[in-house]
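S.K.: Let me begin by handing over the structure; questions about it come next.
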Amino acid sequence: MYTPEVLISEEEIALRIEVLGEAISKEYANQELVVICVLKGAFIFCADLIKKINLPVKLEFITLASYGEGTQSSGNVKLEMDVTGSVEGRNILIVEDIVDSGLTIKTLIGLLEQRNPKSIKLASLLFKPSKVKHPVDIDYLGFEIEDKFVIGYGLDYAGRYRELPYIGVLNAGQ
Ligand code: PRP
């Protein structure tokens, strides 16, 4: 059994997601929204968030990866799996688990802009301001966090810990 230290509890996450869901529902009232879940890390956040969005939502998945097995970004973002539908003329809401250096999101926004959507906004559960190298506007932010390697609620370390129901901190030796 391993029990990493809790940074943000299940309850805190759920409360914050309700607030974000309400704000998103208000902003796009009477419009359709294409939610793009950035795999793998955002899958739990995205699943919980769309349940709190009171709008017709089309869900897409995209897989981008830059961290591989380590705790440092490789500096190179790979598109491993693209969305399946057209986003031309649509309102896109990108759903991310974390904005760290900002490279993944900057790369993704650049890629989606070329497809002529109506709008692109970003929801991210976490943001590490101390690590940002490529500034991006986060329209719907869950929590700002310190520079700690976080795991759980979708986020991994070398493929592990995604199943934790809370955001935890990886300590040496785990
Ligand atoms: C993580 C995370 C973000 C990105 C953030 O993805 O899910 O997509 O890194 O880092 P950045 O702001 O420095 O680019 P990762 O490459 O670990 O893939 P995963 O989501 O499959 O775990």
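S.K.: Under unit Cβ charges (Lys, Arg +1; Asp, Glu -1), what dipole magnitude, rounded to 20 debye, does region 23-174 have relative to its Cα centre?
M.R.: 100
S.K.: Now, a different point. Using a ≥ b ≥ c from the Cα gyration tensor of region 49-174 (square roots of the eigenvalues), is it rounded, prolate or oblate, where a/c under 1.5 gives rounded and otherwise the larger of a/b and b/c decides, a/b for prolate?
M.R.: prolate
S.K.: Under the 0.36 nm per residue contour assumption, what length would be gained going from the current alpha-carbon distance of D82 and S130 to full extension?
M.R.: 14.3 nm
S.K.: Restricting attention to region 1-48, which chymotrypsin sites (Phe, Trp or Tyr not before Pro) occupy a DSSP loop and are surrounded by at most 10 other Cβ atoms within 10 Å?
M.R.: Of the chymotrypsin sites (Phe, Trp or Tyr not before Pro), the ones in loops of region 1-48 whose Cβ has at most 10 other Cβ atoms within 10 Å are Y2.
S.K.: Count the net charge of all other residues whose Cβ sits under 12 Å from the Cβ of L170, scoring Lys and Arg as +1 and Asp and Glu as -1.
M.R.: Taking every other residue near L170 into account, the sum is 0.
S.K.: Is it possible to state the helix-based mean residue ellipticity at 222 nm for the chain, with each DSSP H run of 4+ residues giving -39500 (n - 2.57), the sum divided by total residues, to the nearest 500 deg cm²/dmol? What is it?
M.R.: -6500 deg cm²/dmol
S.K.: Excluding residues on the same chain fewer than 8 positions from K40, give the aspartates and glutamates whose Cα lies under 20 Å from its Cα.
M.R.: E10, D48, E60, E69, E80, D82, E96, D97, D100, D156, E163
S.K.: Nearest 10 degrees is fine. How inclined is helix 10-27 to the longest principal axis of the chain, computing both from alpha carbons?
M.R.: 20
We did not get these values from a lab; they are worked out from the coordinates using the rules stated. Keep in mind it's a predicted model, so treat the numbers as computed, not measured. Backbone-built Cβ (ideal geometry, glycine too); neighbour counts: all protein chains shown.
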